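Structure first, then comments.
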Amino acid sequence: MNQLILQQGISQELMHFPHILEFTHKKNNTIQLNSFNSNVTDCICMYYILEGKFSWMIDLQQHTLYPGDFAVVLPGQRIGGENGILNIGALFGLKISAEDCGKILLGKWSGLTKKEKLSINQILLVNKQQLVLKLKEAQVLMHNLQLELQNEEVGFYTRVNQLLDELFVLVSRQLIRQNSSRRDFPQTFLKLEQTLRQNLAHQWTVEEMAALIGMGTTAFTEKVKNYSGFSPLNYLINIRITEATKLLKKNEVNVTDIALSTGFYSSQHFSTTFKKLTGYTPSEFRKK
């Protein structure tokens, strides 16, 4: 088996990049038994298939990967070859540490803005069950990443991190295109609402909500208005109020806690908005 294996703490090439845990370029001339057993990853794993056909289990789903396929495995997901086998063929592999136990994927090494990181983070997490893509453009990025790590020419530190950012941007854009080409908006809309309800305390922006389902803000705003009759932010407020009414029925839950947990800035903001939409203050609603 011809291979390049760079590992953090062992390979000099990764000394300047603590966030890169491993970079590999493997070519298997024979089937490798018990070399890719299933395990739960604690980092971000990326694989690009150069040659051959690989049968993998990713998060209990069977995938057959061919040349040009790119797989992303997020922290907490399980990956392994079928029966622990690594098939004949060639591939690039990349493992990157995730910030905050995987909740934030792109760390301080990234040159992307905070807003861009958050958007990419949401896109990947929401689409984590479909992160096997046809992505031939990734081959050039992986090849250039190998050259930069090995050659260490002037500017290589900046260039390596730029290439990592390009990979994440490329994957995110492909997911958006993929979602756009097969979008069933009612189902997508329900998926969006479920995600919002699970994290109402977050101060969602229209851009973030649009990114969750892979749409631009203008198209997203128009779709939401046509589907629900509300602007995205008013739609979000309605969800917040709906959840708040459920919590108000539990007398043991403090009104201020309800306000903050459903995404309002303060109990006063919550009270004002609640009365505007229901005709009652939270206290009056609770009594009734």
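The values are calculated or read from the model by the stated rules, or taken from the named source; none is laboratory data. All figures in this text were calculated on a predicted structure; none of them were measured in a lab. Here the Cβ is made from the backbone with ideal geometry for all residues, glycine too, and neighbour counts use every protein chain on show. All accessible areas refer to the heavy atoms of the entire protein, side chains included, with ligands and DNA or RNA removed. Shrake-Rupley method; radii C 1.70, N 1.55, O 1.52, S 1.80 Å.
If r is the Cβ-Cβ distance from ASN83 to ILE10 and R0 is 22 Å, what FRET efficiency results, to the nearest 0.05?
Working: r = 29 Å, r/R0 = 1.30.
Between ASN83 and ILE10 the formula returns 0.15.
Over 17 Å apart: what share of the alpha carbon pairs of the range 1-82 falls there, rounded to a whole percent? Walk me through the intermediate numbers first.
Working: 1781 of 3321 pairs.
In whole percent, the long-distance tail amounts to 54.
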TODO: Report the convex hull volume per residue for the chain, counting only C-alpha atoms, in Å³.
DONE: 156
TODO: Compute the Cα gyration tensor for the range 1-159, then decide on rounded, prolate or oblate, letting a ≥ b ≥ c be the square roots of its eigenvalues: rounded whenever a/c is under 1.5, prolate when a/b is larger than b/c in the other cases, and oblate in all that remain.
DONE: oblate
Open item on the list: 7 Å from Cα along Cα→Cβ at both VAL140 and SER266: what's the point-to-point distance in nm?
Closed with: 5.3
Open item on the list: If you fit an axis through the alpha-carbon atoms of helix 138-151 and take the longest principal axis of the Cα set of the chain, what angle between them do you get, 0 to 90°, nearest 10?
Closed with: 60
Open item on the list: Can you compute the modelled spin-label distance between LEU112 and PHE285, with each label point 7 Å from Cα toward Cβ, in nm?
Closed with: 3.6
Task: Top positive-direction residue, dipole computed over the chain with Cβ charges, set GLY279, VAL206, HIS19 - done: GLY279
Task: Qualifying trypsin sites (Lys or Arg not before Pro) in the range 144-233, DSSP loop, other Cβ atoms within 10 Å at most 11 - done: ARG182
Open item on the list: Using a 7 Å offset from Cα along Cα-Cβ at SER55, what residues in the range 70-112 end up with backbone N under 18 Å from the label point?
Closed with: 79-90
Open item on the list: Please compute the per residue accessible area over the range 132-288 with all protein chains in place, 1.4 Å probe, rounded to a whole number of Å².
Closed with: 54
TODO: Taking the chain as the reference, fit the longest principal axis to its C-alpha atoms, fit the long axis of helix 114-126 to the helix C-alpha atoms, and give the angle between the two in degrees, 0 to 90, nearest 10.
DONE: 80
Task: Residues with amide H under 5 Å from that of ASP59, placed H, sequence gap 5 or more - done: ARG78, ILE79
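Once R0 is set to 35 Å, what does the formula 1/(1 + (r/R0)^6) return for the Cβ-Cβ distance between ARG197 and GLU166, expressed as a FRET efficiency to the nearest 0.05? Mind showing how you got there, number by number?
On the way: r = 34 Å, r/R0 = 0.96.
Working from the Cβ atoms, E equals 0.55.
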Task: Theoretical gain in end-to-end length, GLN62 to THR30 [0.36 nm per residue, Cα-Cα removed] - done: 9.3 nm
Open item on the list: Run the numbers for PHE230 and LYS249: contour at 0.36 nm per residue of separation, minus the present Cα-Cα distance, in nm.
Closed with: 4.2 nm
Task: Loop chymotrypsin sites (Phe, Trp or Tyr not before Pro), the range 218-288, which have at most 14 other Cβ atoms in a 10 Å radius of their Cβ (DSSP) - done: PHE230, TYR265
TODO: Mind checking which of LEU170, SER267, LEU125 is farthest towards the positive end of the range 123-277's charge dipole, using Cβ charges of +1 (Lys, Arg) and -1 (Asp, Glu) about the Cα centre?
DONE: SER267
Open item on the list: Quick check: residue separation of GLU207 and LEU190 times 0.36 nm, minus the Cα distance between them. What number comes out in nm?
Closed with: 4.3 nm
Open item on the list: Given a 1.4 angstrom probe, I'd like the percentage of the accessible area of the range 29-112 that is carbon and sulfur, rounded to a whole number.
Closed with: 49
Open item on the list: Taking a ≥ b ≥ c as the square roots of the Cα gyration tensor eigenvalues, with a/c under 1.5 meaning rounded and otherwise prolate when a/b beats b/c, else oblate, which class fits the range 130-288?
Closed with: prolate
- [ ] Only Lys, Arg, Asp and Glu count, each charged at its Cβ (+1, +1, -1, -1), so figure out the dipole size of the range 192-276 about its Cα centre, rounded to 20 debye.
- [x] 320
TODO: Rounded to the nearest 0.05, what FRET efficiency do THR41 and THR256 give with R0 = 35 Å and r taken as the Cβ-Cβ distance? Could you check?
DONE: 0.35
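Mind scanning LYS27/LYS134; LYS128/LYS249; LYS191/LYS250; LYS53/LYS117 and naming the pairs with a C-alpha gap bigger than 31 Å? Provide the component values of the computation, followed by the final result.
On the way: LYS27/LYS134 20 Å; LYS128/LYS249 35 Å; LYS191/LYS250 27 Å; LYS53/LYS117 33 Å.
Beyond 31 Å between Cα atoms: LYS128/LYS249; LYS53/LYS117.
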